[in-house]
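Heads up: the structure comes next, in structure tokens.
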Amino acid sequence: MINLTIDNRQIEAQEGTSVWQAAKSAGIDIPVMCYMEETGHIASCMVCLVKNTKNGQLFASCSTPVSEGQIIVTNDEEVTESRKTALELLLSEHVGDCEAPCQSVCPAHMNIPLMNRLIAKGDFAKSLEVVKRDIALPSILGLICPAPCEAACRRKQVDDAVSICTLKRFVGDEDLNSVQPYRPKISDPSGKTVAIIGSGPAGLAAAYYLQIKGHQAILFEQADRPGGTLLQIDKEILPDDTIKLEIDEILSLGVQIHVNETIDKERFANFLKEFDAIVVATGTPSTDGIPYGLATNNVGIVADKFSYQTSIRHVFAVGNALRTSKMAVRSVGQGKEVAAVIDRYLNSGEMKGYPARFNSKFGKLMTEEFIHYLKDSETFPRQSAGKEGFTIDSAMMEARRCMHCDCRKPESCLLREYSNHYLADQKRFKGEERKTVEKLIHREGIVYEPSKCIKCGICVQLTSNHREEFGLTFIGRGFEVKIGVPFNEKIEQGLKNTSLDVAKACPTGALAMFNEEQQLNL
């Protein structure tokens with residue numbers, strides 16, 4: 001047996017074991033992207049770097065065998081910075097969006113491409129599930145949202161943007177008209193109570209997501225009915241029936257509401273003692289301000305921009321109480337985010353802002369790239385919707401116009417995960433010209449995007465191990481090398497038997513299942 005030290009821990013390992021394997025056996029986590037037990041190592045990504053303290057040398061832990069007396073450090077400042085640099089070098093050649101531009105600019109951060117894929121398949125129940133992860137009021141917002149997502153839609157570069165808002169309204173209306181409306185999975189009761197002052201878009205969204213997370217949400221509304229600023233919108237644009245139906249769905253989850261309730265300074269002082277957390281969602285402050293002793297500025301309540309925490313520790317503020325905005329979708333998004341912050345706070349005592357994740361972006365499409373994105377969509381013109389919204393057929397047709405600019409593996413891409421962890425800067429080593437995006441699509445199996453490939457070779461080895469007739473291989477030399485199917489065969493020829501295996505094994509979104517909702521358990 002070989003004796004070595006990793007992070008001040010004495011470890012025994014068999015001769016021939018890699019440092020990475022020895023660390024793993026001791027419960028020490030070292031990131032790795034180009035290594036699998038089944039395929040061995042190539043040591044190309046270099047995110048598994050560790051340091052030999054005897055000589056200060058950095059080396060790839062996945063390919064270096066243990067040796068007697070080694071003293072290894074896996075997490076000091078030099079190692080951390082070296083891994084970050086390795087990631088930034090990989091990102092310099094990575095051309096792909098973690099999230100589609102439409103999702104990135106949506107104030108509620110809704111997964112629009114996934115919604116579209118599910119509508120296109122006719123799976124409206126699952127599409128609603130996707131929408132309600134981020135938007136608690138899809139039918140309402142489908143009628144009143146100014147659609148910043150459509151302004152960012154890349155389909156505009158080809159013809160017209162996808163009608164995202166009307167599609168969102170469609171799945172919301174389908175649910176409202178359903179005999180069995182969608183019921184989200186609700187966590188076990190936590191025993192915690194949260195007061196929400198105001199039942200406009202922000203307050204309703206906060207109540208919805210807090211209730212789902214197992215905390216009792218209690219709305220306090222000054223008017224005689226819930227809705228806040230929604231009730232001020234022209235009824236021709238936003239009918240009362242739609243408001244009532246969507247709010248009733250939220251209340252049906254167990255959210256409590258008290259109307260005709262004025263919360264003055266004295267009542268608020270009692271709330272501070274009675275409730276585990278308070279959300280102020282009162283809308284635009286009056287000229288008299290908010291009489292709760294909270295710090296304010298010339299636009300509204302002062303709150304941390306990430307956690308929404310006010311000058312009182314367990315009091316939070318969202319929506320127009322912070323700053324007047326005509327975008328209800330922004331208030332709904334903040335309601336969702338503050339619910340996540342409060343949930344963490346109530347469960348752990350930790351006050352931490354809503355998590356922002358690393359997001360690779362490459363900007364506008366070049367003209368020669370249109371053809372690759374149109375492979376993943378249909379050429380129908382933008383569908384028109386009447387006053388009642390889309391029909392089923394027109395909704396499915398419109399959804400199929402989406403070019404799916406997002407990554408099919410946003411939750412499992414290791415490049416994204418590690419770039420997020422190490423705060424990598426995608427632009428650090430960016431060249432003047434970027435690679436051209438190419439998509440190879442096998443609609444029953446795989447989407448392959450070479451511009452996202454880090455050339456780890458895992459897929460090459462897997463197809464060889466499984467004796468694919470063609471498989472995948474390295475093509476070209478030097479900086480021009482890429483992975484493809486030999487003899488210019490199509491991707492389905494190279495992955496007849498191993499498409500699922502290589503999609504799961506690929507450390508990025510370069511190889512992914514065409515129907516990625518299978519991987520998301522939808």
Using packing as a proxy for protection, rank 102-114, 244-256 so that the peptide with the highest average count of other Cβ atoms within 10 Å comes first. 102-114, 244-256
How would you rank 457-467, 22-32, highest first, on the average number of other Cβ atoms within 10 Å across their residues? 457-467, 22-32
Can you compute the FRET efficiency between GLU433 and ASP188 using 1/(1 + (r/R0)^6), with r the Cβ-Cβ distance and R0 = 60 Å? Round to the nearest 0.05. 0.65
Between [x] 50; [y] 57; [z] 78, the structure-derived percent of Cα pairs over 30 Å apart is [y]
Binned at 10 Å from zero, the C-alpha pair distances of the stretch 193-348 give percents of 11, 46, 35, 7, 0
Cross-link candidates for LYS265: which lysines have Cα within less than 26 Å, leaving aside residues fewer than 8 places away along the same chain? LYS192, LYS273, LYS305
Whole-angstrom gap from the stretch 426-462 to the stretch 15-93, using each part's C-alpha centre: 24 Å
Dipole in debye (nearest 20) - the stretch 137-227, about Cα centre, beta carbon charges: Lys, Arg +1; Asp, Glu -1: 280 debye
Relative contact order %, the chain, counting alpha carbon pairs below 8 Å whose residues are six or more apart: 16 percent
Please order MET366, MET36 by the number of other Cβ within 10 Å, starting at the fewest. MET366, MET36
Residue separation times 0.36 nm, minus the C-alpha to C-alpha distance between ASP393 and ASP276: what's the value? 37.4 nm
Measure nothing fancy, just the Cα-based angle from helix 240-251's long axis to the longest principal axis of the chain, in degrees from 0 to 90, nearest 10. 60 degrees
Work out how much length SER25 to GLN256 would gain on full extension: take 0.36 nm times their residue separation and subtract the Cα-Cα distance, in nm to one decimal. 78.1 nm
For the peptides 216-224, 172-180, 202-210, what is the packing order when you average, over each peptide's residues, the other Cβ atoms within 10 Å and list the highest mean first? 202-210, 216-224, 172-180
Using the Cα centre of the stretch 193-348 as the reference point, and only Cβ charges (+1 on K/R, -1 on D/E), how large is the resulting charge dipole? Debye, rounded to the nearest 20. 580 debye
I'd like the distance between the alpha-carbon centres of the stretch 322-350 and the stretch 140-154, rounded to an integer number of Å. 20 Å
Could you put ILE42, ILE371 in order, starting from the residue whose Cβ has the fewest other Cβ atoms within 10 Å? ILE371, ILE42
Roughly how many whole Å is it from the C-alpha centroid of the stretch 370-401 to that of the stretch 210-286? 36 Å
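Throughout, read-outs are computed from the coordinates displayed, never taken from laboratory work. In this text the structure is predicted, and so the values were computed from the model without any measurement. Reconstructed Cβ throughout: ideal geometry from the backbone, glycine too, with neighbour counts over all protein chains shown.
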